[in-house]
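Below is one structure, written out as structure tokens, with a few remarks after it.
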Amino acid sequence: MTQDLDQYLPAVGDERMFVLGLVAYLLLANGLTLLAFWLDSRRTAQGLAPMPSRTLLILAVMGGWPAGLFARVVFRHGGRGRAFALGLNGIAAVQVLGLAALSLPVDRITEQVMALKSQALAAAVGEEEQNEPDRVLPRRFGPGSDAAPSVKIGG
């Protein structure tokens with residue numbers, strides 16, 4: 001019976017285990033954030049002191065920003081002001097952009113950047129060679145200067 005279950009459970013170090021752990025963490029973080037926003041709304045409705053904004057923003061940074069955005073709408077949690085709203089939206093934007101950057105195919109992007117770099121370098125070297133006039137080094141001074149001819153550099 002345990003052998004039957006083992007084929008469905010991910011092994012330690014398996015990619016599926018990482019994804020499963022990540023999903024569990026995000027569910028926990030969003031659940032705690034939703035609970036915190038709900039408790040804060042209840043406290044303010046009862047006339048008690050609200051929860052510190054820092055606490056709610058820390059929960060958002062820890063991965064609970066989707067629940068924070070959802071809770072602001074559902075619980076009408078908008079009395080914190082503009083700074084709190086900008087902070088929560090900023091956290092969401094930074095984390096979404098970070099996830100998007102992590103999902104990019106790094107190897108392909110690196111190859112394209114290196115190809116563009118080599119093309120730009122080749123173009124720059126080619127332009128320098130075309131735009132540089134021929135230079136003539138001056139004759140040297142001192143003993144034996146009559147014997148040294150002028151040296152032409154380039155083209």
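How large is ³J(HN,Hα), in whole Hz, for each residue of segment 114-120 in order, when computed from phi with the Karplus curve 6.51 cos²θ - 1.76 cosθ + 1.60 and θ = phi - 60°, using x for Gly and Pro?
5, 5, 5, 5, 5, 5, 5
Kindly provide the trypsin sites (Lys or Arg not before Pro) of segment 53-118 that DSSP labels as loop, not H, G, I, E or B, and whose Cβ sees at most 15 other Cβ atoms within 10 Å.
ARG76
Using only the heavy atoms of the protein chains and a 1.4 Å probe, how would SER53, SER103 rank by accessible area, largest first?
SER103, SER53
The values are calculated or read from the model by the stated rules, or taken from the named source; none is laboratory data. This structure is a prediction, so every number in the text was calculated from the model and none was measured. Neighbour counts are summed over all protein chains in view; Cβ atoms, including those assigned to glycine, are modelled from backbone coordinates with ideal geometry. Keep in mind that these areas ignore ligands, DNA and RNA; they rest on the heavy atoms of the full protein, side chains included. Shrake-Rupley method; radii C 1.70, N 1.55, O 1.52, S 1.80 Å.
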